[in-house]
Amino acid sequence: MFHLNAKNSPVVAPTILVGVDFGHANFDGELEELGLLAQTAGMTPVGRVTCKRKAPDAALFIGSGKADEIKLLAQQLGVTEILFDQSLSPGQQRNLERHLELPVNDRTYLILEIFAQRARSHEGKLQVELARLQYLSTRLVRRWSHLERQRGGIGTRGGPGETQIELDRRMIAENIKRTKERLQKVKRQRQTQRRQRERRDAFNISLIGYTNAGKSTLFNALVKARAYAADQLFATLDTTTRQLYLADAGRSVSLSDTVGFIRDLPHGLIDAFQATLQEAVDADLLIQVVDAANPDFVEQIAQVQKVLIEIGADQIPQLLVFNKIDAIDAAQQPLLIDGCYEIDGVQTPRMFASAKTMQGIDGLRKKIAEIVMQPPATVGDVERHGPDTNGAE
Ligand SMILES: Nc1nc2c(ncn2[C@@H]2O[C@H](COP(=O)(O)OP(=O)(O)OP(=O)(O)O)[C@@H](O)[C@H]2O)c(=O)[nH]1
Ligand SMILES: [Mg+2]
C-alpha cells in the first residue's frame, strides 16, 4: 500500500509528528518547525499527535495509552517512521520502538540527517561525521539489543553482543579521534587564510540569523551572487564569502553568508560546527537577519542570542535586518524603516527590508557604509556591563 498526495504522486516516507506539551508558550510553532525539518530531510508528515504532560515518562517518554493511540494511527496511515519533537534518551527510544514496532527518531537525529545530506565542503563533511559519531556512540547499546532480540531474546547482560559492543565502541572512539585530528588540520589551514585576510585589513561582516530567515536571499541581493536559497531549513551549511562594494564608504568589505541557527541545536553539533560559526565570531559586524513575518520572531532572536553567547560572539556589534516586510499585513507594516530594537537590554540598530522585492536594500547598503566608517567602539552604543562596572577605576 502506498499513499497518494493531492498531485496523485506517491507520498515519500510518511511520518507522524509527536509533540509533548510540557506547558511552555510556543508549543504549536515548535511542532510546525519539526514538520519543516522532516520535509527538509525528505519525509512527509501525514499525521500529528500531541499530548500534555507535567514530566516525561521515564520509560516511554509519553504514557502507554498515548503510545497505543500513535500505534493505531500509524497503522491506519501506513507510516514508516515516528518523529518526536523532544530529545529521547536511548532507553526511551528503544522502548518506544518496541512498543510501536516502528523506527522512532527525535529532533536531534533529524538535524544530524539534514546536516549529513547537505554538507558540501571537506570541513563541513568532517564536522557532520564527528557529530554523527558522537551521537552514535551513545546509542550503540540500543542497536545491539535490537539485534539480540531478533536473534531470539538473549538477556541484556553478557551474551554474544557484549564483545561486539566493546569492539564497536573502540572503533567509534578511534574514528572520533581520527576525525578530530583531520578537523584540527583543516582548521589550521582556515586560520592561515584568516590571517592573510586580516593582513589585507578587511572589514568582515557576517550574515547570521535563524534558519529560513532569508540570509542567503539577502546575501544575493547585496552582492548579486548566487548562493543557494530555498524554503527549507539549513539550506546553507558552508560559509560563502564575497566582496561587497559600498559606494558610500568608497571601499569594499567582505560579506559572509553562514549556517542558520535553530533552537536547541544538539550540543555535539554546536561543538562540531564551531568552525563554521567561527566565521561569525571573527566578524567586525554581525548582520542578524530576522523573518519579521514569522509569528515566532521574538523567540528566534532570543535563540540566536543564546548561541552567540555560547560561541563568545555576543559582544560583536550587531545590525538587525527585519526581513520579509513584503509578507507582513498592511496593518502591521512598520512606520519607520530605520530604528532600534532591544536585545538583552542593548539598543541595537534595526532596519526593515525585503530581500525578495529589494525594498529597503539601498537604505541597508547606506547604513552598512555608515557603520563601516564609524570608529568600532561606538557602533550601536554598546554598553553591555550594566551599572555594576561603574566606578570600577
Ligand atoms: N516573502 C519573502 N520571502 C523571502 C524573503 N527573503 C527570503 N525569502 C524566502 O524565504 C525562504 C528562505 O530564504 P533563504 O535565503 O534560503 O533563508 P536562509 O536564512 O539563508 O536559510 P538557511 O540557509 O536555511 O538557514 C526562501 O523561500 C526565500 O525565497 C523576503 O524578503 N520576502
Ligand atoms: Mg541560507
Pick from the range 315-336, criterion surrounded by fewer than 18 Cβ atoms within 10 Å (Cβ to Cβ) and not hydrophobic (A, V, I, L, M, F, W, C), ranking: farthest from Val372 (Cα to Cα): Asp329
Residues located in the range 120-140, provided they are in contact with a Leu (Cβ under 6 Å, 6 or more places away or on another chain), within 25 Å of Leu17 (Cα to Cα) and hydrophobic (A, V, I, L, M, F, W, C): Ala131
Single residue of Leu183, Leu167 found to be at pLDDT 80 or above, within 30 Å of Leu110 (Cβ to Cβ) and not hydroxyl-bearing (Ser, Thr, Tyr): Leu183
Scan of the range 250-269 for residues that are more than 15 Å from ligand 1 (Cβ to nearest atom), buried (at least 18 other Cβ atoms within 10 Å of the Cβ) and in a loop (DSSP other than H, G, I, E, B), ordered by number: Pro266
Selected residue (only one of Tyr210, Tyr245 is surrounded by fewer than 21 Cβ atoms within 10 Å (Cβ to Cβ) and modelled with pLDDT of 90 or more): Tyr245
Number of positions in the range 341-356 that are away from ligand 1 (no atom under 14 Å from the Cβ) and surrounded by 14 or more Cβ atoms within 10 Å (Cβ to Cβ): 7
Residue match in the range 230-240 (condition: at pLDDT 90 or above, within 13 Å of ligand 1 (Cβ to nearest atom), part of a loop (DSSP other than H, G, I, E, B) and open to solvent by less than 50 Å² (accessible area, probe 1.4 Å)): no
One residue from Arg194, Arg132 being surrounded by 14 or more Cβ atoms within 10 Å (Cβ to Cβ), part of a helix (DSSP H, G or I), modelled with pLDDT under 70 and within 25 Å of the chain's Cα centre (by Cα): Arg194
Yes/no for Pro334 being within 14 Å of ligand 1 (Cβ to nearest atom) and closer than 20 Å to Leu218 by Cα: yes
Near pairs, Cβ below 6 angstrom, 6+ apart or cross-chain, from the range 170-184 (under 15 Å from Ser137 (Cα atoms)) to any residue that is in a helix (DSSP H, G or I) and among the small types (Gly, Ala, Ser): Ile172/Ser137
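The values are calculated or read from the model by the stated rules, or taken from the named source; none is laboratory data. Worth saying up front: this structure is predicted, and the values here are computed from it rather than measured. Using ideal geometry, Cβ is built from the backbone for each residue, glycine included, and neighbour counts are taken over all protein chains shown. Ligands, DNA and RNA are stripped out before the accessible areas are found, and what is left, the full protein with its side chains, is counted by its heavy atoms. Shrake-Rupley method; radii C 1.70, N 1.55, O 1.52, S 1.80 Å.
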